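Report on the following structure.
The values are calculated or read from the model by the stated rules, or taken from the named source; none is laboratory data. Values in this document were obtained by computation on a predicted structure and should not be read as measured data. Every residue, glycine among them, receives a Cβ derived from its backbone with ideal geometry; neighbour counts consider all protein chains shown. Accessible surface areas use protein heavy atoms only, side chains included; no ligands, DNA or RNA. Shrake-Rupley method; radii C 1.70, N 1.55, O 1.52, S 1.80 Å.
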Amino acid sequence: LTDRTRRSYGGHSYHVEEGALVDETKIELFGPNAKRYVWHKPNSAHRPECTIPSVKYGGGSIMLWGCFSSAGTGKIVRIVGKMDGAKYRDILEENLLESARELRLGRRFTFQQDNDPKHKAKSTMEWFKNKHINVLEWPSQSPDLNPIENLVSLVKTHVMQRKF
């Protein structure tokens with residue numbers, strides 16, 4: 001992100017360096033969870049260079065929560081189990097404010113998240129209010145324009161390039 005980058009959503013604008021951006025993502029450790037095809041010569045189908053490792057019945061992915069700002073990356077947390085509103089608030093409680101301090105965002109930073117139901121739950125929004133955290137209004141049914149998606153894409157690409 002460049003310094004003084006401005007964003008405008010729903011008629012409100014803010015400077016990216018004044019905000020913390022967060023999201024969760026699932027990372028497939030052994031490649032996309034889809035059919036993949038490999039070209040090979042006759043009688044070479046089972047050679048290691050023609051096979052792709054896989055994990056049956058789960059275990060081939062991890063869920064992560066992370067945040068960043070123009071000052072750098074904050075904490076990255078592995079999510080164990082199903083992510084619901086209570087777990088999301090626990091992650092925020094244990095990681096968001098500490099990340100904001102480490103990133104020197106100050107006490108009046110703007111927080112950006114998408115409209116996932118656990119993000120917009122009354123109890124989650126009340127948590128933000130009690131902590132005096134300004135949450136950026138995000139248009140419903142909007143494309144996922146959160147810049148953290150670019151960072152997530154880089155992480156996923158790096159994981160996919162590993163050799164097993």
Original post:
Restricting attention to the range 61-100, which residues are closer than 11 Å to residue 20 by Cα and more than 15 Å from the chain's Cα centre (by Cα)?
Top reply: 70, 71, 97, 100
Original post:
Could you list, in sequence order, the residues of the range 62-93 that are in contact (Cβ under 8 Å) with a residue 12 or more places away in the chain and acidic (Asp, Glu)?
Top reply: 84, 93
**OP:** Would you point out the residue of the range 78-131, among those that are closer than 16 Å to residue 67 by Cβ, part of a helix (DSSP H, G or I) and of a type in the set (A, V, I, L, M), that is most open to solvent (accessible area, probe 1.4 Å)?
**Re:** 97
Original post:
Within the range 30-45, can you find the residues that are open to solvent by less than 100 Å² (accessible area, probe 1.4 Å) and modelled with pLDDT of 65 or more?
Top reply: 38, 40, 44, 45
Subject >> Scan of the range 50-72 for residues that are at pLDDT below 75 and not aliphatic (A, V, I, L, M), ordered by number >> reply: 50, 51, 53, 54, 56, 57, 58, 59, 60
